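Some notes on the structure that comes next.
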Amino acid sequence: MMDLGLLIIRLVIGILFIGHGAQKLFGWFGGYGLKGTGGWFDSIGMKPGVTLALFAGLAELLGGILLAAGLFTPLAALMIVGTMLMAILKVHGPNGLWSTSNGYEYNLTLIAVTIGLALIGPGRYAIDAILF
C-alpha cells in the first residue's frame, strides 16, 4: 500500500508542476507564456525576465515529468524545491506564512512533500525502481 501511496503523491504533485511549467512556457491553462511571465519577472526585479521565466518553466515542467514518472526522483525534487524557494524568496515570503494572505504555506508544503519523496524514494511503481 505504501508504494501505491507514493505513486499517488508523485502523480498529483508531478502533474501539477507540469501544468505550472506549461503555463510559464506555453501560456497553457491560463498562464501568460514566456513573454508575459518574463515581463512579470522583470517587474519584480528578476532580470532578465524572459530568460529566468524559461529556466523556471523548464524546471517545473521537467521536474514534474520526472517526479510523476519516478525517474531520477532526487533531481526532480531538486528542480521543484529550487523553484519553490525562489517563489518564497521573491514573491510569497514577505506576505507571511498563510496562503490566505498570499503567503508561502503552499510552497513550503510542496517543498516538504518533494524532499520527503526524495528521501523515502519513489516506490515500486516508478522508473527508478526498474533502473536502480
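The values are calculated or read from the model by the stated rules, or taken from the named source; none is laboratory data. The shown structure was predicted, so the numbers you read here are calculated from the model rather than taken from an experiment. Here the Cβ is made from the backbone with ideal geometry for all residues, glycine too, and neighbour counts use every protein chain on show. Just so you know, the surface numbers come from the protein's heavy atoms only, side chains and all, with ligands and any DNA or RNA stripped out. Shrake-Rupley method; radii C 1.70, N 1.55, O 1.52, S 1.80 Å.
Going through LEU108, LEU97 one at a time, which residue ends up being without any contact (Cβ under 8 Å) to a residue 60 or more places away in the chain, surrounded by fewer than 18 Cβ atoms within 10 Å (Cβ to Cβ) and part of a loop (DSSP other than H, G, I, E, B)?
On the way: LEU108 fails: part of a loop (DSSP other than H, G, I, E, B).
After applying the criteria, what remains is LEU97.
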Among the candidates ILE65, ILE80, ILE8, residue that is open to solvent by less than 70 Å² (accessible area, probe 1.4 Å) and part of a helix (DSSP H, G or I): ILE80
For the stretch 118-132, give me each residue that is in contact with a helix residue (DSSP H, G or I) (Cβ under 6 Å, 6 or more places away or on another chain) and either open to solvent by less than 40 Å² (accessible area, probe 1.4 Å) or without any contact (Cβ under 8 Å) to a residue 12 or more places away in the chain (or both). ALA118, PRO122, GLY123, ASP128
Only one of these conditions is not met by GLY103: (1) closer than 26 Å to GLY123 by Cα; (2) in a loop (DSSP other than H, G, I, E, B). Which number is it? (1)
Considering each of MET1, MET86 in turn, give the residue that is open to solvent by 80 Å² or more (accessible area, probe 1.4 Å), among the aliphatic types (A, V, I, L, M) and over 21 Å from THR109 (Cβ atoms). MET1
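Residues being in contact with a Pro (Cβ under 7 Å, 6 or more places away or on another chain) and farther than 20 Å from PHE17 by Cβ: count how many of those fall in the stretch 98-128.
Qualifying residue count, the stretch 98-128: 0.
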